[in-house]
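Below is one structure, written out as structure tokens; the observations come after it.
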Number of protein chains: 2
Amino acid sequence: MGSKRLDRRTLLKAAMIGPGAAVAAGGEALAAPPRITGLPDISWRLQSSFPATLDTIYGAAEAMARSAAILTGGRFRIEIAPPDRYVPAGQALDAVSAGSVQALQTCSYYHVDRDPAFAFGSALPFGLNARMQDAWIVEGGGGPLLDGLYAQYGLTSLVAGNTGAQMGGWFRKEIRSLPEMAGLKMRIAGLGGMVLARLGVEPQELAIESAYAALDDGWLDAAEWSGPYEDEQLGFYKVAPYYYYPGWWDGGPSIHLLINRAAFEALPETYKEALRASAAQARHEMQARYDVRNNTAIRSLIDKGVQLRPFPTDILEAAYKASFELYAELAAAHPRFKAIYEPWKGFRDQIYQSFRVAEYSFESFGFTQQAKGH
Amino acid sequence: MGSKRLDRRTLLKAAMIGPGAAVAAGGEALAAPPRITGLPDISWRLQSSFPATLDTIYGAAEAMARSAAILTGGRFRIEIAPPDRYVPAGQALDAVSAGSVQALQTCSYYHVDRDPAFAFGSALPFGLNARMQDAWIVEGGGGPLLDGLYAQYGLTSLVAGNTGAQMGGWFRKEIRSLPEMAGLKMRIAGLGGMVLARLGVEPQELAIESAYAALDDGWLDAAEWSGPYEDEQLGFYKVAPYYYYPGWWDGGPSIHLLINRAAFEALPETYKEALRASAAQARHEMQARYDVRNNTAIRSLIDKGVQLRPFPTDILEAAYKASFELYAELAAAHPRFKAIYEPWKGFRDQIYQSFRVAEYSFESFGFTQQAKGH
């Protein structure tokens, strides 16, 4: 994009052949919104699915609340609380649907037991990376589809973060091929666990703190949580030294605010915009923090003797096949899943192709050269 | 990240070993900012380096202004204008430094003739992709370095967009190897042009509308602008059918607002936050729109007979080598360039490595499978 000056007239002419033709040639003053005075004091309760110790993600909710307060001169206050503070974590979605808590910072796919279509809000195995997920929601048709889903539960949503592609978890022993997965007990939930079950793994939905002890005494063989920064905090490297990648079930999960729909609709437009804009800030900053902190943490883990391993190709291939078989079955059984799956899959296949052109070739060449020491 | 519930107590304990230990275990109410009344009416002028026909980028500035107005009850108004409206485009940076125009929507690297360090705000050949660029600025040390640079010119800045990796431009003839680049006249500016000059190309800084005619009558051999969506609007495919990738000089250029520093500092905190938050929205939405629109456009271009070609490896290798030789020379000649280059290069090398683990392996496997028709 190497021009310092463009001739507007010529570009206007050029644009007549393209999709830009419908856009007004700009410069006119924007219509002023009505001046607003006397905004109400509103106080919301936001419960997070994540404890405050996970500072990248929980801190993003705190930053959002801070931003919303600044933007409204202190009139719109959002109190942030960790799991179980306002309501038991397992009842948080219902509490937000009912409006006793106004918002939940969560991963949409934590709620697939309720409705498998909730997976599309976050990530599906071999689905979208973080940027594709945003593209799908903002401009690729995903936003209205998700909004229709959440509306069924009295909810609306804002994307308010992403972790990027996660790691594939911690294994006590090295796994060299697909047959070695059979019978492994692995702590993993959701669609990733359902896919792994088709590969012979016995997925375990135990809480993360039980996983550490269970790995330590050998009852559990593997466990996954997130990426290097948070995984290092959780300490798994001390009991399961093989650290696999990628987390193919978590290629770029969005972090959402799920919000009581009536409460959101009742907000003054200024407060709605304050939520939207501060959620976008959270999205921007959370990803950046994960990327930098994961970079530091993966080096620290390697220094501690962690063995990084890519998943063997036969495992990835079997998981890929099992994933799309699972989606076909879910689509057959759940009309709401099907209604989102079909356009999602079309989007995913197309954007995989277009990312391969400039984006992926830029990275591939640079990564290869850098790895050679150039 | 497959847990629906976390035990907070255990995570707190686990966090004691990690960087999260310093973070307070949360849930307490956020301190309320002082309640603000009687905010002033403020009107700003923002000139864009881009014409309104480039609707993805220009539209992001309009959306920002709209958001800032909503957030301030109509009191903070930003008038958006295309190049040359308030001041001639070539004088826009000076006008913002002087404060006669408050803000410029631009690429920082359009101003490398002034100071080569401006390149770091956008992109350098074989530099950061879009997400790495955000990570560097938000959390990787780049933000303060850029702020120090811009302060020298009376400016401050906000990231307010990104295009993602761009294409490598349009060529009248197929280029099969490095020797065929020698003597080519190509419309390309900035550091990309300086690198190509070292490969024997004769970079031309002519305006984009002259490029079309010059390609048509054969005086010019090649021209680059951006990605498929905008390139299609500009019509180059009609006169130069070979479309090369990647744009290795534009791996993920930020779009910036460069803002008069004193004007920004004089804003009430609410208005500063309105700018920050609406810039983050612009960042989020612009990338999503480019990704979706580029996907549509590249299919349309192929339907029109465009020949997609990756740059031959010997060209990429020579360009890579020439780029880092150029940076060493710029660092030797320009202390401000050097002061940013050294930490930037360290960050770039490290984050290339960490992205190769989960992020790149996730994409590589998925893209390969999808390309096989799975």
| note | Going residue by residue through region B:147-156, the Karplus relation 6.51 cos²θ - 1.76 cosθ + 1.60 with θ = phi - 60° gives ³J(HN,Hα) values, rounded to whole Hz and with x marking Gly or Pro, of 5, x, 5, 5, 4, 4, 10, x, 10, 10
| field | 10 Å Cβ neighbours from other chains, averaged over peptide A:281-290 | value | 6
| field | Within 10 Å of each Cβ in B:77-89, the average number of Cβ atoms from other chains | value | 4
| note | Note to self: C-alpha centroids of region A:301-374 and region B:276-345 sit apart, in Å, by 23 Å
| request: May I ask you to evaluate 6.51 cos²θ - 1.76 cosθ + 1.60, the Karplus curve with θ = phi - 60°, for each residue of region A:324-330 and list the ³J(HN,Hα) values in order in whole Hz, giving x for glycine and proline? | output: 6, 5, 4, 4, 4, 5, 5
| task | Taking the Cα centre of chain B as origin, work out the dipole magnitude from +1 charges on Lys and Arg Cβ and -1 charges on Asp and Glu Cβ, in debye rounded to 20. | result | 1160 debye
| remark: Output for region A:310-366 (equivalent-ellipsoid semi-axes, sqrt of 5λ from the C-alpha gyration tensor, Å, descending) is 27, 18, 6
| field | Mean ellipticity per residue at 222 nm, deg cm²/dmol - from DSSP H runs of n ≥ 4 across chain A, formula -39500 (n - 2.57) | value | -15000 deg cm²/dmol
| field | Rg followed by Dmax, in Å, when region B:40-142 is reduced to its Cα trace | value | 15.0, 45
| field | Descending semi-axes in Å of region B:179-250, equivalent ellipsoid built from Cα gyration tensor | value | 18, 14, 11
| All Cα pairs of region A:136-263, percent lying beyond 21 Å | 48 percent
| query | Which is farthest toward the positive dipole end of chain B among B:ALA103, B:VAL239, B:ALA68, measuring Cα position about the Cα centre, with Cβ charges +1 (Lys, Arg) and -1 (Asp, Glu)? | reply | B:ALA68
| query | With θ set to phi - 60° and the Karplus curve 6.51 cos²θ - 1.76 cosθ + 1.60, what are the ³J(HN,Hα) couplings of region B:233-243 in order, to the nearest whole Hz, using x for Gly and Pro? | reply | 4, 6, x, 4, 4, 6, 10, 8, x, 8, 10
| query | If one computes the Cα centroid of region B:77-103 and of region A:228-250, what distance in Å separates the two points? | reply | 50 Å
| Where B:LEU215, A:LEU178 fall by accessible area, highest first, once all protein chains stay in place (1.4 Å) | A:LEU178, B:LEU215
| request: Based on a Kirkwood Rh over C-alpha pairs, give the Stokes-Einstein translational diffusion coefficient of region A:110-177 at 37 °C and viscosity 0.692 mPa s in µm²/s. | output: 238 µm²/s
| said: Normalised radius of gyration for the protein assembly as shown, please: alpha carbon Rg relative to 2.2 N^0.38 Å, two decimal places. | reply: 0.93
| query | Using a simple charge model, +1 on the beta-carbon of Lys and Arg, -1 on the beta-carbon of Asp and Glu, nothing else, what dipole does region A:224-374 show about its Cα centre, in debye to the nearest 20? | reply | 120 debye
| For region B:194-313, convex hull of alpha carbons as volume per residue, Å³ | 145 Å³
| field | Debye intensity ratio I(q)/I(0), log10, region A:62-113, q values 0.25, 0.32 Å⁻¹ (C-alpha model) | value | -0.99, -1.21
| Measuring with a 1.4 Å probe in the full set of protein chains, what accessible area per residue, in whole Å², belongs to chain B? | 33 Å²
| task | Based on a Kirkwood Rh over C-alpha pairs, give the Stokes-Einstein translational diffusion coefficient of chain B at 20 °C and viscosity 1.002 mPa s in µm²/s. | result | 95 µm²/s
| For B:226-238, what's the mean count of beta carbons from other chains sitting within 10 Å of each residue's beta carbon? | 4
| remark: One checks the Cα atoms of region B:252-374 and finds Rg and Dmax, in Å, of 20.6, 57
| field | Exceeding the 28 Å Cα-Cα cut-off - candidates A:LYS238/B:LYS372; A:LYS185/A:LYS321; A:LYS345/B:LYS304; B:LYS173/B:LYS372; A:LYS173/A:LYS345; B:LYS185/B:LYS238 | value | A:LYS238/B:LYS372; B:LYS173/B:LYS372; A:LYS173/A:LYS345
| query | So who's got an amide H within less than 5 Å of the one on A:ILE78, skipping anything under 5 residues away but keeping other chains? H placed 1.01 Å off N, in plane. | reply | A:TRP44
| task | Please report, as a whole percent, how much of the solvent-accessible surface of region A:191-337 comes from carbon and sulfur atoms (probe radius 1.4 Å). | result | 52 percent
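The values are calculated or read from the model by the stated rules, or taken from the named source; none is laboratory data. Predicted model, so just to flag it, every value in this text is computed and none were measured. Cβ atoms come from the backbone with ideal geometry, glycine included; neighbour counts cover every protein chain shown. Surface areas here come from the heavy atoms of the whole protein model, side chains and all, with no ligands, DNA or RNA. Shrake-Rupley method; radii C 1.70, N 1.55, O 1.52, S 1.80 Å.
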